[in-house]
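Okay, structure first, notes after.
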Amino acid sequence: LTNAKAAERNKAVRSEIKTRVKSAVKAIGSDESEAALLLAVKKLDKAAAKGVIHPNQAARRKSRLMAKGNSAANAAG
């Protein structure tokens, strides 16, 4: 029962992460891209701190997200 409760909470957090990362990737190149990227990074950090995802996974996903954002910024600028 306890594991089921934790799994339900973790599922919600994972879903939120996916949503924020998708919206950040979609927003790359637009005006609100920086805010979307920061929010996605914040959610990834929080999930790693809570133990929902491994800290290395959070770091890897943040790195890839920032790389996409920087390459788009360099291509535009």
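The values are calculated or read from the model by the stated rules, or taken from the named source; none is laboratory data. Worth saying up front: this structure is predicted, and the values here are computed from it rather than measured. FYI the Cβ positions are ideal-geometry reconstructions off the backbone, even for glycines, and counts take in every protein chain you see. These area figures cover heavy atoms from the full protein model, side chains too; ligands, DNA and RNA do not enter into them. Shrake-Rupley method; radii C 1.70, N 1.55, O 1.52, S 1.80 Å.
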Out of the total accessible area of the chain (probe 1.4 Å, heavy atoms of protein only), what percent is carbon and sulfur?
52
Over the chain, relative contact order from alpha-carbon pairs under 8 Å, at least 6 apart, %
31
Using the Kyte-Doolittle scale, which helices in the chain average at least 0.0 and also have C-alpha atoms spread 20 Å or more along the helix axis, with helices defined as whole DSSP H runs?
33-50
Full-stretch length increase - Ala59, Lys42 - with 0.36 nm per residue and alpha-carbon distance subtracted:
5.0 nm
Just to be sure I understand the model, the point goes 7 Å from the Cα along the line to the Cβ. What's the resulting Lys18 to Met66 distance in nm?
2.6
Leu38 accessible area, assembled protein chains, probe 1.4 Å, Å²:
100
Rounded to whole angstroms and listed largest first, the alpha-carbon spread of the chain along its three principal axes comes to 53, 21, 12
When each of Lys22/Lys42; Lys11/Lys68; Lys22/Lys68 is checked by Cα-Cα distance, pairs over 23 Å
Lys11/Lys68
Note: Ala4 to Glu34 extended length (0.36 nm per residue) minus current alpha-carbon separation gives 7.2 nm
